Amino acid sequence: MLKIYNTLTRKTEEFQTLEPKRVKMYVCGVTVYNDAHVGHAMSAIVFDIIRRYLIYRGYEVKFVMNYTDVDDKIINRAKQLGEEPLKLSQRYIDDYANDLKSLNVLPATANPQVSQAMPLIIKFIEGLIEKGYAYAAQNGDVYFRVTKDADYGRLSNRKLDDMQAGARIEIGEQKDHPMDFALWKAAKAGEIFWESPWGKGRPGWHIECSAMNLAELGEQIDIHGGGNDLIFPHHENEIAQTESYTGKEFSRYWMHNGMLQLGGEKMSKSLGNIVSIKEFLSKRSADVMRMLVLNGTYRAPLMFNDETLDAAERNIERLKSALKPASASSSGINADTLSASIESAKKNFTEAMDNDFNTAGAVASLFELSKSINTARDNGATNEQLSPAQSAFKELAGVLGLKLEDKQGSSEKDAEVNALIAERTEARKNKQWKRSDEIRDQLKEMGVTIEDSKDGTTWKWN
RNA sequence: GGCGUCGUGGCCAAGUGGUAAGGCGAGGGUCUGCAAAACCCUUAUUCACGGGUUCGAAUCCCGUCGACGCCUCCA
């Protein structure tokens, strides 16, 4: 039985879908105005793992992730660069899609964009005004009336009275209540705008997700996800908007990932302590990033530093070792123990993942299976005997989104390495250890690790 | 100040009432010309601290201290 921690109830609950074996899932994507960083990668990976596991458990998953391509920061950045805002955002959308692909994140079922959802958004706002949940101000802004929504604050568990102290009203805003938030913002001179019943303007941040959710997945969904920094105000306001509009419960489960920590602080664009996804991938593999996430708890802060990354890298190498073929001289063993360990790994894997996606536990089951496989190989198992366990191993690793592939080099480089290996093999045959070790050092310099065995020498790019 | 998450070995981290998973690191060993990888052994009488409940608590309750996040744009 799958259990999920629900931010809304602050409890771990049994997972029950609206429709049998179908999951409607919406995850808040990014605002596209510069390179995405590894914190975004963490979030994307977390929900990718959740999605993959739901599929593994037999659910059909509709997975929607939006792009915020209309926003103050995009407008400012575009102005700086002298570029059209929508061109700039499109550039970063393509860019982020590439990042996600590099990270082995499955493509979403749909990627709606704000700029293409204006009619929906306007209709949504009109509906809210009709029902008295929103009002147009003199200046052309439209605000959501929080006092009309009796439930307001239930996701983030805060009361309007407590919030007012910190609330502020910008100059020019004409709100009835300080916590009222913008559904529509009147365009300032020279800004990108869309025509609306309230004049030229653009949507507020929260309304897009409500509108696109409705359009893509309907009035009610199973899972709504995002970083825990979105709980308030973004998700709180989404609930307010959607439930006021439809009169129905919006999402059954609200899931939030913890923040990636760099130097004891949240990694964020505003703090500037950023490592971009591209920068990361130029140094380490997508599997390493994923393993870092898997080693932790998705809801907790995740430590991002050389020590945790080195450990993740070693973990990947260790898992890869399970996929190595049998030795050429293997003569077979009694494979009963190995068969049993497949079953136990699958069981432990599922038990861990069923418990609110306990990926650290799931990975532990992979380590155990990998140990069984390696032991069997050391004891002389044949490839035929290893194969079922290795297949199961690959399947489970795949559910976590791990590729466990070796790095590829160019064919010229490979040829160069092979030539050196051949020379070293010859030297070793003649017991010229000095020469043989020189070549090994040379290969190391080139980024090649070699392993000698009785079957010969194998090597790979680091 | 309010709300929330959490404090487990050198590090990352499971475990949420029945007596501390897993990984990294470290030490020893097997294998190897030497390595590397793999495998084997060792590495927390103890779970921030102080009370309490219980036959029994890392796990439940109360208090204290500390960390992180949100309360303003943020995955």
When the helix-only estimate is applied to chain A (DSSP H runs of n ≥ 4, each -39,500 (n - 2.57), divided by the residue count), what is the mean residue ellipticity at 222 nm, nearest 500 deg cm²/dmol? -14500 deg cm²/dmol
Stretched out fully, how many nm does the piece from A:LEU106 to A:LYS429 gain, at 0.36 nm a residue minus the Cα gap? 111.5 nm
Measuring from the longest principal axis of the C-alpha atoms of chain A, the long axis of helix A:85-102 (C-alpha) lies at a number of degrees, nearest 10, equal to 30 degrees
Let's test the formula: R0 of 25 Å, r as the Cβ-Cβ distance of A:ILE450 and A:ASP310. What FRET efficiency results, to the nearest 0.05? 0.75
So, in Å, what gap is there between the alpha-carbon centers of the range A:260-311 and the range A:14-55? 18 Å
Expressed in angstrom and rounded, the centroid-to-centroid distance over alpha carbons for the range A:195-254 and the range A:57-124 is 16 Å
Rough spin-label spacing in nm, given labels placed 7 Å along Cα→Cβ, for A:LEU271 and A:ASN374: 3.5 nm
A correct Kirkwood calculation over the Cα atoms of the range A:34-116 returns a hydrodynamic radius in Å of 14.0 Å
Debye, to nearest 20: dipole size of chain A, +1 on Lys, Arg Cβ, -1 on Asp, Glu Cβ: 560 debye
Report Rg/Rh for the range A:1-157, rounded to two decimals, where Rg is the Cα radius of gyration and Rh the Kirkwood radius. 1.01
What percent antiparallel are the DSSP beta bridges of chain A, to the nearest 5? 55 percent
Report the local net charge at A:LEU86: Lys and Arg +1, Asp and Glu -1, summed over other residues whose C-beta lies under 15 Å from its C-beta. -3
Per residue of the range A:284-290, what does 6.51 cos²θ - 1.76 cosθ + 1.60 with θ = phi - 60° give for ³J(HN,Hα)? Whole Hz please, x for Gly and Pro, Karplus curve as stated. 9, 8, 4, 4, 5, 4, 5
I'd like the carbon and sulfur percentage of the solvent accessible area for chain A, probe radius 1.4 Å, heavy atoms only, ligands and nucleic acids excluded. 48 percent
Using 0.36 nm per residue of separation minus the Cα-Cα distance, give me the extension gain between A:ALA422 and A:GLU130 in nm, one decimal. 97.2 nm
What shape does the range A:3-266 have by the C-alpha gyration tensor, where a ≥ b ≥ c are the square roots of the eigenvalues, rounded means a/c under 1.5, and otherwise prolate means a/b greater than b/c and oblate the rest? oblate
Convert 25 °C to kelvin, take the viscosity as 0.890 mPa s, use the Kirkwood radius over C-alpha pairs of the range A:144-299 as Rh, and evaluate the Stokes-Einstein diffusion coefficient in µm²/s, rounded to a whole number. 134 µm²/s
With axes computed from alpha carbons, what is the tilt in degrees of helix A:383-399 against the longest principal axis of chain A, rounded to the nearest 10 within 0 to 90? 20 degrees
Residues whose built amide H sits under 5 Å from the amide H of A:GLY227, excluding neighbours closer than 5 in sequence, are A:ASN257
How large is log10 I(q)/I(0) at q = 0.25, 0.31, 0.33 Å⁻¹ when the Debye formula is applied to the Cα atoms of the range A:411-461, each weighted equally and without solvent? -0.97, -1.36, -1.43
At 0.36 nm per residue, minus the direct Cα-Cα distance, what do A:ASN139 and A:LYS283 gain on full extension? Give it in nm, one decimal, please. 46.8 nm
The answer for trypsin sites (Lys or Arg not before Pro) in the range A:81-140 that fall in a DSSP coil and have at most 15 neighbouring Cβ atoms within 10 Å is A:LYS131
Please compare each pair in A:LYS283/A:LYS371; A:LYS413/A:LYS460; A:LYS73/A:LYS188 to a cut-off of 22 Å on the Cα-Cα distance and tell me which ones are over it. A:LYS283/A:LYS371
Greater than 18 Å apart at Cα, pairs in A:LYS101/A:LYS407; A:LYS101/A:LYS403; A:LYS346/A:LYS394; A:LYS21/A:LYS346: A:LYS21/A:LYS346
Distance in nm between A:GLU84 and A:GLU13 label points, each 7 Å along Cα→Cβ, equals 4.5 nm
What is the range A:284-399's relative contact order, in percent, from Cα pairs under 8 angstrom and six or more apart in sequence? 32 percent
Calc'd 3J(HN,Hα), the range A:185-194, phi into Karplus 6.51 cos²θ - 1.76 cosθ + 1.60 (θ = phi - 60°), Hz, glycine/Pro = x, comes to 10, 4, 6, 8, 4, x, 8, 5, 8, 10
Residues whose modelled amide H sits under 5 Å from the amide H of A:LEU302, counting only those 5 or more places away in sequence or on another chain, are A:MET259, A:LEU260, A:GLN261
Reference-scaled alpha-carbon Rg (2.2 N^0.38 Å with N residues) for chain A: 1.18
Cβ-Cβ FRET estimate between A:GLU219 and A:ILE192, R0 fixed at 41 Å, reported to 0.05: 0.85
Residue-ordered couplings for the range A:145-154, obtained by feeding phi - 60° into the Karplus form 6.51 cos²θ - 1.76 cosθ + 1.60 and rounding to whole Hz (Gly and Pro as x), are 8, 5, 5, 7, 9, 4, 7, 3, x, 6
Enter the angle in degrees (range 0 to 90, nearest 10) between the Cα long axis of helix A:411-429 and the first principal axis of the Cα atoms of chain A, meaning the one along which they spread out most. 30 degrees
How far apart, in nm, are two points set 7 Å out from the Cα along the Cα-to-Cβ line at A:GLU412 and at A:LYS3? 5.9 nm
Proportion of all alpha-carbon pairs of the range A:284-399 beyond 24 Å (%): 30 percent
Taking +1 at the Cβ of each Lys and Arg and -1 at the Cβ of each Asp and Glu, which of A:VAL448, A:ALA422, A:TRP433 sits farthest along the dipole of the range A:411-461 towards its positive end, judged by Cα position relative to the Cα centre? A:TRP433
Can you give the net charge of the other residues whose Cβ lies under 14 Å from the Cβ of A:ARG77, counting K and R as +1 and D and E as -1? -3
Rounded, prolate or oblate for the range A:253-342? Axes are the square roots of the Cα gyration tensor eigenvalues, ordered a ≥ b ≥ c, and the cut-off for rounded is a/c under 1.5. prolate
Summed residue charge, Cβ within 12 Å of A:ALA422's Cβ, Lys/Arg positive, Asp/Glu negative: 0
Measure out, as a whole number of angstrom, how far apart the alpha-carbon centroids of the range A:433-452 and the range A:409-427 sit. 11 Å
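The values are calculated or read from the model by the stated rules, or taken from the named source; none is laboratory data. Only a predicted model underlies this, so the values are computations on that prediction, with no experimental measurement involved. So basically every Cβ, Gly included, is an ideal-geometry build from the backbone, and we count neighbours across all protein chains shown. In case anyone asks, the SASA skips ligands and DNA or RNA and just uses the protein heavy atoms, side chains included. Shrake-Rupley method; radii C 1.70, N 1.55, O 1.52, S 1.80 Å.
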